[in-house]
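Here, each number is a calculation from the coordinates, and none is a lab measurement. Here the structure is a predicted model, which means the values were calculated and not measured. Cβ sites come from the backbone with ideal geometry, for glycine too, and all protein chains shown count toward neighbours.
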Amino acid sequence: MTRAQNLDTRAHPETLALCIQAPYNKTKNIQSYFDEFFNLIKSNGTLYDHALIVKLREIHPNTFLTPGKLEEVREFCAEKNIKQVIISEPLTAQQERKIEDYIGCIVVDRTMLILDIFKKAAHSAEGKMQVEVAYLEHKKTRLAGKGIHLEQQRGTIGVMSGFGETLKEKEKRFIENLINKINRQLHQLQTRRDTQRKQRIASKVPHLCLIGYTNAGKSTIINALTKASVLAEDKLFATLDTTTRELYIDGAKKGLISDTVGFIQYLPHKLIDAFKSTLSELQYASLLLHVIDCADPDWQVHIEVVHEILQDLEVDKPVLYVFNKADRLNEEELATFNVAIEAYEPRVLIAATSKPGIEPLIAYLRTWHG
Ligand SMILES: Nc1nc2c(ncn2[C@@H]2O[C@H](COP(=O)(O)OP(=O)(O)OP(=O)(O)O)[C@@H](O)[C@H]2O)c(=O)[nH]1
Ligand SMILES: [Mg+2]
């Protein structure tokens, strides 16, 4: 499959979006997984000129792609004069290097793509530092042994200059020193956070945390429930920084409510690690509002992804399943959906973008006591 876009090709290298259907992929609807990948690329502000789907029966440990598929991709890239390949999967440093060497293009893996989005979306000092640490950790593994010619070309995604050139000269040790320095600064911020948290716990104010898959509608909900003005848009990872507001229902204070970073399938571990301190807030939540986009065909997989990440973070707290975007289902779909969600308790079904639509959540919170 190829998909041509109207692009100004002078502004960016000829780019291929390489969609992999991997044997480990649990997605029921592979097209929706690919659409999510295209959305990730779009959310990063990157353009791609072609898209190619490759179905893998197995993962080759060294090159990720099996030899036949690797050759197919190489031929495609040569024919279309492609300079940069963005791949839907996370790769090891070795796999990335081997593919680059074989096809002669820059390869950007899923981890790098998400890191790039995070880098752009982080606004708070802490968020920026957390992303920077993850970014440097990733870069560190990619420096060793990289062919100089590719390293010179490498920039941030879509821009073939700048960043790579300076990184090329910097040694691993320099990066490690930088990571240590940022980690020390982060540690100071975390100490402050611990103090604030202790005060909050002592004051016994209930704390609700909005969690869930990216783009599910978490920020839309906090905006609707409070006077927050968190950016809510149809973009993956619009929110990186935690926002906390007081929550009033019918004039009665219910506690605090926080909006948090969204999750995604195959979220780079480095990023979970980097955000562990921010996400550790979830350990102290009185209630997790797990927001799910019910119009996404993969909503069940998304719930599983969130469950797995919570397990990884060792967060085991009361959950309210908030099935959102009900307005995007027609009557028939809604009837089927209502049966499918029976296993998820307690739950509400809402449409956060309208006043009557969000009422079931407000009704739940009205009778909720932390
Ligand atoms: N139709 C419809 N759209 C909604 C609803 N709730 C949210 N949206 C839209 O979904 C998109 C994502 O909403 P956000 O609130 O930014 O989602 P989020 O979970 O905060 O996303 P990230 O911060 O990127 O993880 C926006 O375009 C919203 O307007 C809803 O109930 N119905
Ligand atoms: Mg958000």
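The alpha carbon convex hull volume per residue for the range 169-229 rounds to 162 Å³. Rounded to the nearest 500, the helix-only mean residue ellipticity at 222 nm of the chain stands at -14000 deg cm²/dmol, with each DSSP H run of n ≥ 4 adding -39,500 (n - 2.57). Considering only 320, 29, 301, the residue lying farthest towards the positive end of the dipole of the chain is 320, judged by Cα position with unit charges set on Cβ.
A Förster radius of 56 Å, combined with the Cβ-Cβ distance separating residue 176 from residue 330, puts the computed FRET efficiency at roughly 0.55.
Computed over all pairs of different Cα atoms, the Kirkwood value for the hydrodynamic radius of the range 26-125 is 14.5 Å. Relative to one another, the C-alpha centroids of the range 16-49 and the range 94-142 are positioned 17 Å apart.
Compactness check for the chain: Cα Rg over 2.2 N^0.38 Å is 1.05.
Rg and Dmax of the range 204-366, both derived from C-alpha coordinates alone, stand at 14.9, 44 Å. Rounded to 0.05, the FRET efficiency of the residue 62 and residue 24 pair, given R0 = 22 Å and the Cβ-Cβ distance, is 0.80.
Taking label positions 7 Å along the Cα-Cβ direction at both residue 231 and residue 75, the computed distance is 4.3 nm, reported to one decimal. Per-residue extension of 0.36 nm, minus the Cα-Cα distance of residue 93 and residue 339, leaves a gain of 84.1 nm for this segment. Fully extending the segment from residue 246 to residue 35 would add 72.4 nm, taking 0.36 nm per residue of separation and subtracting the current Cα-Cα distance. Legend: P(r) of the range 281-370 from all alpha carbon pair distances, 5 Å bins from 0, whole percents, reading 3, 13, 23, 24, 19, 13, 5, 1. Highest mobility in the GNM of the chain, judged by mean-square fluctuation with C-alpha springs under 10 Å and restricted to 284, 321, 102, is found for 102.
Residue separation of residue 53 and residue 124 scaled by 0.36 nm, minus their Cα-Cα distance, works out to 21.8 nm of gained length. Of the residues 252, 228, 238, the one that moves most in a GNM of the chain with alpha-carbon contacts below 10 Å is 252. Cβ-to-Cβ counts within 10 Å put 204, 317 in ascending order as 204, 317, the fewest first. A simple spin-label model places pseudo-atoms 7 Å from Cα toward Cβ; at residue 192 and residue 363 they are separated by 4.3 nm. The ranking of 296, 312, 259, 250 by Cβ neighbour count inside 10 Å, starting from the fewest, reads 250, 312, 296, 259.
Neighbour counting of Cβ atoms within 10 Å sorts the residues 63, 195, 260, 92, fewest neighbours leading, into 195, 92, 63, 260.
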